[in-house]
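Q: Structure in structure tokens, see below.
The values are calculated or read from the model by the stated rules, or taken from the named source; none is laboratory data. Source: prediction; values computed, not measured. Neighbour counts run over all protein chains shown; Cβ positions are idealised from the backbone, glycine included.
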Amino acid sequence: MRSLATTSNVRRFVSLLMFMFCLVRCAASGSAQSEPGQTIAGSMPELGELESGNVDIRLYEQSPVQDRWPAEAESLAKPSLTWQSTHFFVSRLPLRYDDWGIRDSWQAPLLLRVSADVKIPQGNHRLLLRARALSRLWIDGRVAASTDALSKSPPDGEEPITPIPTPIVAGMRLPGYRQQEVVSPLSIESDSTCRVVLEVVVGGKGARTETGEVCVAIQREGCEHFELLRPTASRSENIRLIDAEVEPLCKSIERQLAAMDTERRHSAEATRDEYWKKRRDYVQRWLNAHPAPSIPTSGNDAAAPSVHPIDAFIVEKINKSLSSSDVNNSPEARNFNEKVLPLLRAQCFRCHADKANGGLRLNTREAALAGGDSGVPAIQPGDSEASELLRRIASDDESERMPPGDKALTKEQIELVRDWIKQGAQWYARPVQPEDVKLPPVIDDEKFLRRVYFDAIGLPPTDKAVHVFLADQREDKRQRLIRELLADSRLADQWMPYWQDVLAENPTIINASLNSTGPFRWFIYDSLIDNKPVDRWVTELIMMRGNAHEGGSAGFGLAGENDAPMATKAQIIGSAFLGIEMQCARCHDSPFHSTLQKDLYSLAAYLERKAVTVPKTSSVPVAFFEKKARESLIKVTLPTGQSIDPAWPFADETGSTEDDALDELLEKKDDSRERLAALITSPTNHRFAQVFVNRVWKQLMGAGFVEPVQDWEGRMPSHPELLQWLAHDFMTHGYDMRHLLETIMTSQAYSREAIGRNATAEYDVRFFNAPDRRRMTSEQIVDSLYFTAGMSMDVEELTFVHDGRRPMSSRLTLGRPTRAWMMANLANERDRPSLTLPKAVMVGEVMEAFGWTGARQSSINQREGSPTAIQPGVLSNSVLSVWVTRVAAGSKLADIALNASSPDDLVQQLFLRYLSRRPSESERKMFVAELSDGFADRVIETVLSEAQSLPPPLPLVTWFNHLQSEANLIQQEHERRVAAGPPVDVRLNPQWRERLEDTVWSLINHREFVWMP
Amino acid sequence: MAHALHTLHATEPAPATLPPQGQAEHVISIWLGGGMGQIDTFDPKRRGDPKAKKAGSYYDSIDTAVPNVQVSEHLKGIAPLMEHVTAVRTVNHNVIDEHAAATNRMHTGRAISGTITYPSIGSLVASQLEPMEAGAPRYVLIGYPNVTRGPGFLGPNAGYIYLTDTSRGPIGLSRPQSITQDRQNHRSELLNRFREATPESTDPRLKEYDSVIDESLKLSGPEFNRSFQLNEEPESLRAEYGGEFGQRCLVARRLVQRGVRFIEVSHNLNFLNGAGWDVHNEGILKQHALIQELDTAVAALLRDLKKQGLLDKTLVTITTEFGRPPEFDSGGGRGHQGSAFTCVLMGGGLKHCGAYGTTDDLAKKIVSDPVSVPDFFATILWSLGIDPSLNLYDGDRPVPITDGGKPIAALFGV
């Protein structure tokens, strides 16, 4: 129902039709008198005095209706949020947080009221209203314009393509996709101040709580352009409705909203401080009762007080190993340590070392001679034929052959063991050579700077930062650098990928698929940005709060196409925070671990807050056991359908117990999910802090003290005391990840040449005398490609819904990525060109080559790191490589090229920019030679012109129209445009420009660009 | 990769439960996303009428080279070649409503698992067979990349290289269009001089990366990229293969000749009818054009492989998400049917019989010789001599290469 305006897109008719209705007599400000004959329900809302000079915006939740205006009786609650703006312009809603500060959803339908008193001069003007759904614009009590409610749900692909709208006035900013646009005349008899109230309905059934770009603008009589409406006494600028003026406003509004979001989140979080203060006190009491291991002080230079505790522990282990090392370097000893022991370790230790299957251990000579439960010694030194071990590995009888399974040892392997027993089965201590444990030098300033930058913020230093750091003469400049970078909010960007992987964050923008989750990336990001203590954010994760589809930790709780989601979550929590791997326990007891099926499902029951049953699919087919020649290694101990209650199975492993002491940490004692969170994050759980410390250590040093980081059972830490000390220190400092990072990064161990072999060494010979060489992550590589080129990441918004007509629960929006971690699974299983996002694909294909995947179906604790030809391939040949190596019109590279004082200067700049170092003499020479020819004449006297303007815009392809053939053609045209790359900068001589591009290309294709120094 | 390459070859006896081993060396796997309706293609039945809501085929049927085996009238090219073809008419699974899930089932041969990412059939083959020629990739995908088509727990060595457009070559390994060959040569030369100017590293990890830089420069050079240069083929042959899909099939043949073991060629490009093979509602109106495009390309491929002496060594398959029911939906199109549908095997040295397995008079229920998805996978693997009961390992965990699949014995001459 509307009388004063229509919502037709056929705007040309609008003004003609409407003129007769629109004689608004402006009365005194605040008047809301309805004229008789008013056909729209309700009247202009009474808002009282409005702050002069500002636009007042109020957001009401749970508006009673979505597709019509509420009657008087259907009254609104108080506004949930009120804020101010400068113009009648709304680009998005502020975020909603729950009372813990975790992202939540607004309770739709929402009503948004945007109001101000506006001075409008005498004259015949035109008003313009843009809104997505039902809206009406009141001027002094009369409705001056309105838009329609969203009609019924759109089809899944067959909607006709929506053409690009034609602007009402040439050069005008176009309305957002499927944003309704209404123009109506406004006649003002004499200059007056009018009360203007815009009411907009947002979201509701079948819709997102997104506004699109809402605005009210006015074209004053005699003016060419529309201007955004702004209040009387506004201190802000007049903004014409053209991109060049609206874009900066969008940016400033976005900054304002982001600051507001942060502030509101912080104040919600602050309500939890009291509880966490109690938790801190509890931790402190525990720490007092359980002091840290003392830092070694003797036998080395560590006696000096300046020695970092980490280095003291590391040097102590090296010295001990050297002094106790068996210097006997006989061929027999080498044979044992290089061949026999690795074989035993690989083939036997899984069941016969820390875990003594059949009572038998084979990890020491004594244990092997003693034998297992049968009492038969496994080894008779000197008599291989009488040794049970040999008999079992050489047996043809599959029912008793060891190791079990279908892969028997090879003849050579059996011979190796036979000879070793024959020669007396001597167990030689592993020799440690001084050169294996020597401490390499600490790296130089250039390398150190680059290493710290990547580890802290995931980006290289700018060339300026390199200059400043190299010039800095202060002795503690490295510590200062570390502290400064750890305080940088981009630390969150650097650590996001790790937790997305470990916690299997797996949002999909089309249908839910295997183990897809909500986008709880935003929960993790907020936690990292706010530097929440780790025990706190892990608790909040396990509590699964906020909205699952809009970034709350509840999104962690989802698991698409999974019939026991909480079992999956329990498995992730176990491996992520306790180092307990329960992957096998989904369907059967673990063959090489002590975890049982029941353990996993009892944790799942905690999360579910009630008993759970084992789904039918989570078992092993009976046929599997029937065809086995021997008793199977795996046992199904839970019949499907069995009900399992919450129970804590890991008291022995973790030290955490279900008892009264735990109750002290709980706010709701009967909430089993909270109970589980406390069992995991309580200081009594010695695994929690250690597992966390171990994970962070590995990220910086290339290997953990305990490997693999997610599966501690039966593994020994390489440096037990150091691990304990770090965990203790981490807890003492309030589970602060930044403190932990600082502790590690300020050690000499972290700063040494990366020649370590820790990742491949067994725990007893893993010394961390040097960090391992690390390849940069996919995210670091992509972010540095953009960063070094001076470009911002520019890809499509990750969604197929641009007009709000689907709730987030069925089609997600993941926003427009600005850092690589914000990318997501772009799988196009339907093989429809219309469902590609060519720019995002361009980024995704580089990330995938280096081991990233957006489809994290289960936890990724270590990305696949093996080198493949595709890795250098995408740096050489991909579309992204074309974009970042082109000297594009108006680009940073063009700028550098135009302003360089000499080829030498240019080469120096490029080396600092791309590799954070100065070129060597031979490098300098070769690149200067490359760029000297034509350098003097490189600049062409011309200006960047309109000729370099963008190709015409293409209609938008969405989920709703993607099955139209035209949709495929449009996306393919996009693909072609993206593949062609940006236009070049015509101010540079093409031949010389290409040589510059080739230089940049070779810098990003050198191994140094992708390997940490 | 942790596992040794393993393949049974003629010297090793086949396990007792298996029929004589196949001798194929390559697979070209044609994928029809969206779900090919068996009743409108390889398992035709009586004519139906969408207007009268009478269930049945959309088209007439025609005879083929194999007596008593008929196909849709729009498969005129394949019909005379049916002695090299077996339409397996009784493939079945229980996934219906979700395209990604059905795509996953038909690529991995398994129901999804919450704990492991299963490899695709292409990766299974790649994990077991070295390329026929050194330097060639094992597995090439012509279509969009995704996890479903990937190596899962087998790791990147069993992964694919891929291209989405035959005019562009493989992603990461073909020179960008804006860079001429001369310029690419200059770049490589510049990079190599730069690499020489920096001291050689003793770090094995850096050395390994340096060696893949060399490999990448080589693969993206003109020699390997020749496989994608269709202008080396006679114009008449290219015309015989038809449009972009046909050109993809021709690239696949060239890759077979280059030594690649498994090539997946995706068909559903959606241009002919928007919906591709997912012919709900009006999507069905131009389904015949889609079938004809498939027919043109596949018939050309079979003839070409035969002429080149490659047909017996190359198994060509047509697989799809699920089939479609004989009934029509409210818009005159068809829904999904996973309980009985057709996948096709061609060439590869199998003993073809035109069609295998029988459905009822509306291709709705299986009457005889059902073939599970694992059985279908076992047939493909065994045609290459890969034991379908072989265990692969995800760390400690043994994962049989098929989920208990048994090859279709009749196709191996039993």
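Q: Would you kindly identify the strands (runs of 3 or more DSSP E) lying entirely within region A:43-130 that contain at least 1 residues that are closer than 23 Å to A:Val216 by Cα and polar (S, T, N, Q)?
A: A:81-85, A:110-120
Q: With respect to the numbered conditions (1) buried (at least 19 other Cβ atoms within 10 Å of the Cβ); (2) touching a strand residue (DSSP E or B) at 6+ places or on another chain (Cβ under 9 Å); (3) in contact (Cβ under 8 Å) with a residue 40 or more places away in the chain, which one is the sole condition not fulfilled by B:Asp278?
A: (2)
Q: Could you run through region A:164-197 and say how many residues are closer than 21 Å to A:Ser135 by Cβ and outside any loop (DSSP other than H, G, I, E, B)?
A: Adding up the residues that qualify gives 11.
Q: Any chance region A:730-739 includes a residue that's over 21 Å from the mean Cα position of the chain (by Cα) and farther than 30 Å from A:Val538 by Cβ?
A: Within region A:730-739 (the criterion being over 21 Å from the mean Cα position of the chain (by Cα) and farther than 30 Å from A:Val538 by Cβ), the answer is no, since none of the residues qualifies.
Q: Contact list please: Cβ distance under 8 Å, first residue in region B:390-401 and in contact (Cβ under 8 Å) with a residue 60 or more places away in the chain, second residue crowded, with 18+ Cβ neighbours inside 10 Å and charged (D, E, K, R), pairs at least six apart or on different chains.
A: B:Ile401/B:Asp387
Here's the yes/no breakdown for (1) within 16 Å of the chain's Cα centre (by Cα); (2) of a type outside the set (Asp, Glu); (3) part of a loop (DSSP other than H, G, I, E, B):
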position	(1), (2), (3)
B:Ile96	no, yes, yes
B:Ala102	yes, yes, no
B:Met106	yes, yes, no
B:Arg110	no, yes, yes
B:Ile116	no, yes, yes
B:Ser123	yes, yes, no
B:Met132	no, yes, yes
B:Ala136	no, yes, yes
B:Tyr144	yes, yes, yes
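Q: Do any helices (runs of 4 or more DSSP H) lying entirely in region A:851-947 carry at least 2 residues that are in contact with a Lys or Arg (Cβ under 7 Å, 6 or more places away or on another chain), modelled with pLDDT of 95 or more and within 14 Å of chain B (Cβ to nearest Cβ), and which ones are they?
A: Where helices (runs of 4 or more DSSP H) fall fully within region A:851-947 and carry at least 2 residues being in contact with a Lys or Arg (Cβ under 7 Å, 6 or more places away or on another chain), modelled with pLDDT of 95 or more and within 14 Å of chain B (Cβ to nearest Cβ), they are A:903-915, A:921-932.
Q: Let me ask you something else. All but one of (1) facing chain A (nearest Cβ under 7 Å); (2) within 26 Å of A:Asn506 (Cβ to Cβ) hold for B:Ala158, so report the exception by its number.
A: Against the list (1) facing chain A (nearest Cβ under 7 Å); (2) within 26 Å of A:Asn506 (Cβ to Cβ), B:Ala158 comes up short only on (1).
Q: For region A:758-777, how many residues meet the condition of being among the basic types (Lys, Arg), within 15 Å of A:Trp697 (Cα to Cα) and within 12 Å of another protein chain (Cβ to nearest Cβ)?
A: Total satisfying the criteria: 2.
Q: So which of A:Glu338, A:Glu274 ends up being under 30 Å from A:Lys407 (Cα atoms) and either out of contact with any Asp or Glu (no Cβ under 9 Å at 6 or more places or on another chain) or at pLDDT 95 or above (or both)?
A: Exactly one of A:Glu338, A:Glu274 is under 30 Å from A:Lys407 (Cα atoms) and either out of contact with any Asp or Glu (no Cβ under 9 Å at 6 or more places or on another chain) or at pLDDT 95 or above (or both), namely A:Glu338.
Q: Could I ask something else about it? Do you know which residues across region A:66-81 are closer than 19 Å to A:Leu93 by Cα and among the aliphatic types (A, V, I, L, M)?
A: A:Leu76, A:Ala77, A:Leu81
Q: Sticking with this structure for a sec: Which count do you get for residues in region B:364-414 that are of a type in the set (A, V, I, L, M, F, W, C) and either farther than 22 Å from B:Arg89 by Cα or part of a loop (DSSP other than H, G, I, E, B) (or both)?
A: Counting residues in region B:364-414 that are of a type in the set (A, V, I, L, M, F, W, C) and either farther than 22 Å from B:Arg89 by Cα or part of a loop (DSSP other than H, G, I, E, B) (or both) gives 8.
Q: Can you name every residue in region A:505-540 that is under 28 Å from B:Ser113 (Cα atoms), surrounded by 24 or more Cβ atoms within 10 Å (Cβ to Cβ) and of a type in the set (Gly, Ala, Ser)?
A: A:Ser513, A:Ser516, A:Gly518
Q: For A:Pro951, are the conditions met, namely being surrounded by fewer than 22 Cβ atoms within 10 Å (Cβ to Cβ), assigned to a loop (DSSP other than H, G, I, E, B) and within 12 Å of another protein chain (Cβ to nearest Cβ)?
A: So A:Pro951 does not fit the description; no.
Q: Quick one: what pairs do we get from region B:68-91, first residue touching a residue at least 24 places away in the same chain (Cβ under 8 Å), second in a loop (DSSP other than H, G, I, E, B) and acidic (Asp, Glu), C-beta under 7 Å, 6+ apart or different chains?
A: B:Ala87/B:Asp43; B:Arg89/B:Asp43; B:Thr90/B:Asp369
Q: Right, something else. Considering B:Thr115, B:Thr86, B:Thr103, which residue is buried (at least 24 other Cβ atoms within 10 Å of the Cβ), hydroxyl-bearing (Ser, Thr, Tyr), touching a helix residue (DSSP H, G or I) at 6+ places or on another chain (Cβ under 7 Å) and closer than 17 Å to A:Ser513 by Cβ?
A: Result of the check over B:Thr115, B:Thr86, B:Thr103: B:Thr103.
Q: Which helices (runs of 4 or more DSSP H) does region B:164-273 wholly contain that include 1 or more residues that are within 14 Å of another protein chain (Cβ to nearest Cβ) and touching a helix residue (DSSP H, G or I) at 6+ places or on another chain (Cβ under 8 Å)?
A: B:181-197, B:204-219, B:222-225, B:244-258
Q: Next question, about the same structure. Select from region B:339-355 the residues that are buried (at least 22 other Cβ atoms within 10 Å of the Cβ) and over 17 Å from the mean Cα position of the chain (by Cα) and list them in ascending order.
A: B:Ala340, B:Ala355
Q: Out of B:Glu223, B:Glu293, B:Glu240, B:Glu282, I need the residue that is of a type in the set (Asp, Glu) and over 29 Å from B:Ile39 (Cα atoms). Which one?
A: From the options B:Glu223, B:Glu293, B:Glu240, B:Glu282, the qualifying one is B:Glu223.
Q: Search region A:975-987 for residues that are farther than 21 Å from B:Thr164 by Cα and within 10 Å of chain B (Cβ to nearest Cβ) and pair each with any residue that is in a loop (DSSP other than H, G, I, E, B) and not aromatic (Phe, Trp, Tyr) when their beta-carbon atoms are under 9 Å apart and the residues are at least 6 apart or on different chains.
A: Close Cβ pairs (under 9 Å, with a partner that is in a loop (DSSP other than H, G, I, E, B) and not aromatic (Phe, Trp, Tyr)) amount to A:Val984/A:Arg886; A:Val984/A:Val887; A:Val984/A:Ala889.
Q: When the residues of region A:393-415 are filtered to those that are surrounded by 15 or more Cβ atoms within 10 Å (Cβ to Cβ) and of a type outside the set (A, V, I, L, M), which remaining residue is nearest to the other protein chains (Cβ to nearest Cβ)?
A: So the residue we want is A:Gly405.
Q: When the residues of region A:617-655 are filtered to those that are basic (Lys, Arg) and out of contact with any Asp or Glu (no Cβ under 8 Å at 6 or more places or on another chain), which remaining residue is surrounded by the fewest Cβ atoms within 10 Å (Cβ to Cβ)?
A: Across region A:617-655, the extreme among qualifying residues is A:Lys627.
Q: Has region A:778-796 got any residue that is facing another protein chain (nearest Cβ under 10 Å), part of a loop (DSSP other than H, G, I, E, B) and surrounded by fewer than 21 Cβ atoms within 10 Å (Cβ to Cβ)?
A: no
Q: Could you check, for region A:240-253, whether at least one of its residues is under 30 Å from A:Asn531 (Cα atoms), among the β-branched types (Val, Ile, Thr) and exposed (fewer than 14 other Cβ atoms within 10 Å of the Cβ)?
A: Checked against the condition, which is being under 30 Å from A:Asn531 (Cα atoms), among the β-branched types (Val, Ile, Thr) and exposed (fewer than 14 other Cβ atoms within 10 Å of the Cβ), region A:240-253 yields no hits at all.
Q: Somewhere in region A:684-706, is a residue touching a His at 6+ places or on another chain (Cβ under 6 Å), at pLDDT below 95 and more than 22 Å from A:Ala487 (Cβ to Cβ)?
A: no
Q: Determine, yes or no, whether B:Gly34 is within 14 Å of another protein chain (Cβ to nearest Cβ) and small (Gly, Ala, Ser).
A: yes
Q: Filter region A:819-841 down to the residues that are more than 10 Å from chain B (Cβ to nearest Cβ), in contact (Cβ under 8 Å) with a residue 60 or more places away in the chain and out of contact with any Asp or Glu (no Cβ under 6 Å at 6 or more places or on another chain) and list them by number.
A: Once the filter is applied, which keeps residues that are more than 10 Å from chain B (Cβ to nearest Cβ), in contact (Cβ under 8 Å) with a residue 60 or more places away in the chain and out of contact with any Asp or Glu (no Cβ under 6 Å at 6 or more places or on another chain), region A:819-841 yields A:Met822, A:Ala824.
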